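Take a look at the structure below.
Derivation of every value follows stated rules applied to the coordinates shown; laboratory data play no part. Because the structure is a prediction, the values reported are computed rather than measured. FYI the Cβ positions are ideal-geometry reconstructions off the backbone, even for glycines, and counts take in every protein chain you see.
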Amino acid sequence: MYQIKLSRAALHEPVRGAWCRVCESCYVSREGYFDHKGTIRDHTSDFIALRRKTVDKQHLETSRLDKRLTKLTQVLTDPAAAETLNIQQSTASKMWPVNLNGLRNQRKLLEQSVVTWEDDAKVPTCPFCKQTFTNFSLRKHHCRLCGRVVCGDTRTACSKEVGLNVNVNVTNGNALTEKMGELALDVRICRECSGILFNKRDFIAEVSRKPPDQKSYETMVQFEKGIVSMLPRFQKLLATLQDPNKPPTPQQRSEASKTRKRLLDTFTQYDIAAKRIVNMPTDSPTQKQLQTAIYMYSVEFLQTHMLPLKALPKILKQTKSGSKHNGHHKSLTSVSQASIMDDNSSVVSSNPEADAEEKLLKEQLAVLQEQKFLVGEMIASAKTNRKFEEVGALAQSLTELDKEIEKVEGQIKDFEKRNPVW
């Protein structure tokens, strides 16, 4: 049963109409039934107009302080002022206390030419921390950009000396300016001016900076993309080598071996990047869990995609034995010569393949053992945190890993029996 408000003309009237029973089609077809967005009132223009005042004021203040800082560095690195300071330093051995005060007064006058300093006598307390100034424990300092009197307490950080590296422009052949090159200046800036000047720059630098774990993860992803892009080509080469109707050529065998070696090197780099992530020191349990999850994913990726690499040495041996069998129907002289050449080539070429297969098995065993160690640590952590519902699943995974380790160890023993070291 459906009800809507209708007018006397049996039309939908949601304001002045009377409630009436209607069918489903009339109820659904009324105006506004399929409107899901609702009423929209855009306040963006009002918000932008209000925010523009604050943003413009902040931008003007930043530009003003930036110009003052630029002017201050230009004044302090002026060659004429530097030459005056150099002359006073050369005569400091004769009248050291007087010349030291002269150096301070000289720089003070240069700094006061940029902005007018506030009178010391009119400011009894720090405007930020409200501490009372004293002659020894809490001295008065002036901000070089706004001129206000502030304290230099390191606990409150009301003001601090900011180190700046200023490049001096060489305008002539003066030897003094050529030797200066880059000057290191310490400029005292209050907390408010420092925030206005450097907060946005620090934020941009912080956003653009990548932590070490992110860099390592991006490197691992790049190796993974390279592996995924090379695997189809390698599988195509394997299919070509396994074709019984068309024996592979030496060029195809060589290309397959080179592709396999390139894949093995990429897998090694991928495993190194994953281990670098899991071994990064951290105090956060969430970060440690994330690093462990990334490493477990890398182990699973290696186990899944390294299986085709194990088949290549066997395929190459089969193709070589097949070529020997086909050449058996030739003359006795050619057969003996071919057998000698095949034996020599097998001695030369079977060793690298056997070494590669043995290396692959040992790498797989090392990965499984490391995975077993991580699962054991996760079981101990779950028992410590009394997460007994996770212990059962982890114990089952540990049992499966033990079986896989026994299987790989058996393969290594069989390989050593088939390929004894003389």
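Summary table
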{"read-out": "Residues with amide H under 5 Å from that of Gln131, placed H, sequence gap 5 or more", "value": "Cys126"}
{"read-out": "Simple spin-label estimate for Arg51 and Gln411 in nanometres, 7 Å along Cα-Cβ", "value": "5.8"}
{"read-out": "Candidate aspartates and glutamates for bridging to Lys236, where Cα separation is under 14 Å - those fewer than 8 sequence places away on the same chain excluded", "value": "Glu255"}
{"read-out": "Highest average packing first - 249-258, 40-49, Cβ atoms within 10 Å", "value": "249-258, 40-49"}
{"read-out": "Principal semi-axes in Å for segment 134-293 [√(5λ), Cα gyration tensor, largest first]", "value": "61, 25, 12"}
{"read-out": "Gain in span if fully extended, Cys26 to Met280, counting 0.36 nm per residue against the direct Cα distance", "value": "84.8 nm"}
